[in-house]
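A short reminder: the numbers here are calculations on the coordinates, not readings from a lab. Everything numeric in this text was worked out from a predicted model, so none of it was measured. Counting neighbours? That spans all protein chains shown, and the Cβs are built from the backbone with ideal geometry, glycine included.
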Amino acid sequence: MTEKQYLNKIMKKIKCSENQKIEIKKQLQAEMECHLRNGKSLESTLQQMGTIEEIAESYNENISEKEKKVYTRNKILKIIAPIGVVLIIVMIALNLMLPKTLDIEKSVYFEKSKIEESAKTCIELLNQEEYTKLQEGAIDTLKPTLTKEVMDQAKSQIQDDWGKQVSYGTIYMAEIKQLNMHYAVCEITVVYENVSVTYRLTFNDTMQLAGLYVR
Amino acid sequence: MSEKYERQFKKGILDMLVLELLKEGAKYGYQIIQELKEKSEDIFLLKDGTLYPILYRLENEKLVTSKWSEADGKQVPRKYYEITNDGKQVLGEITESWKKITSGVNKIMEGNV
């Protein structure tokens, strides 16, 4: 065992603050250095110092109860603190990830009239099967789904023949904040000759179509 | 068995002996160990690891103060201990108690040993 290993093992067993441990280690180290410089071997020096257990036990016997309590409290804190930090990070992450609904009237990113106009334009393009134009105004990840094939399949799941559009129903809007991104969600019911369809259209803060849901 | 009792007796009076030696002047740990050994004619053979925790406590209780010496050439810095006024007062009290105890013990033991 080296001098360093010997001292470190003692320090691990002593129940006091880190500052006090530094002072204790400094003193024991100085004393060992003295023995070694006076020609004593490491083995004989360690014998003169005492075993790791003897020294640690002796220090712990001489450490006040108050100091021991501080040591125990700090040790518990050392275990609890990282858990607390992880919990806070998880809570912040969840807070960022979970979408938050905001009042569209108070939005600084969106105007109700523009959302309504964009939503109706999208629906008209869908009615006219103008998918290329629809794709031009959509975000990249949505473009592959805005095709005749995909949309026909979606439409057929509601009803094969919708008929012509008759009117628009009620429009609901909200602003959604998620991962620091702002979106406008617009839900609009459209009455066709043979069926009523509800569209949910999502726009990002540059008014690109970011989501489309039909039921 | 006797070793155990001897250790306990010694443990109880080490504070008094250390303070007594420090009354003569500032001393470093190994010097105290050597003086205890010589003056007690090898009755008190202390390991460093036994003395330093005692000095640590005495310092916490403000009965002694300590000061590191400056590094002087090849000489390693040493921690010197000095008795405080509180230490001197406590030493007086412990010595009085010690005298009473030994006197009482002697009275009992002399009749029986």
If each K or R counts +1 and each D or E counts -1, the residues other than B:Glu59 whose Cβ falls under 13 Å of its Cβ total -2
Using a Förster distance of 45 Å, the FRET efficiency for A:Leu96-A:Gln29 (Cβ separation, nearest 0.05):
0.35
Note the angle between two axes, namely the Cα long axis of helix A:112-127 and the longest principal axis of the Cα atoms of chain A, as a number of degrees from 0 to 90, rounded to the nearest 10.
60 degrees
If you fit an axis through the alpha-carbon atoms of helix A:52-62 and take the longest principal axis of the Cα set of chain A, what angle between them do you get, 0 to 90°, nearest 10?
90 degrees
Hey, what did the range A:140-203 get for relative contact order, percent, Cα under 8 Å, at least 6 apart?
27 percent
Using a 10 Å cut-off around each Cβ of peptide B:42-54, what is the average number of partner chain Cβ atoms that fall inside?
6
Relative contact order of chain B, pairs being alpha-carbon contacts under 8 Å that are 6 or more residues apart, as %
26 percent
Orientation-averaged projected area, Cα convex hull of the protein assembly as shown (nm²)
34.2 nm²
Could you tell me the center-to-center distance, by alpha carbons, between the range A:6-72 and the range B:22-39 in angstrom?
19 Å
To check you understand DSSP bridge types, tell me what percent of the beta bridges within the protein assembly as shown (both residues inside) are antiparallel, rounded to 5.
95 percent
How do A:Lys26, B:Lys99 rank when sorted from fewest to most other Cβ atoms within 10 Å of their own Cβ?
B:Lys99, A:Lys26
Relative contact order for chain A, counting Cα pairs under 8 Å that sit 6 or more residues apart, in percent
16 percent
Dividing the alpha-carbon radius of gyration of the range A:1-60 by 2.2 N^0.38 Å (N being the number of residues), what value is obtained?
1.07
Round to the nearest 10 and give me the degree value, 0 to 90, for the angle of helix A:3-13's Cα axis relative to the longest principal axis of chain A.
70 degrees
When a footprinting reagent is the concern and you count Cβ atoms within 10 Å, what order do A:Val195, B:Val76 take, fewest first?
A:Val195, B:Val76
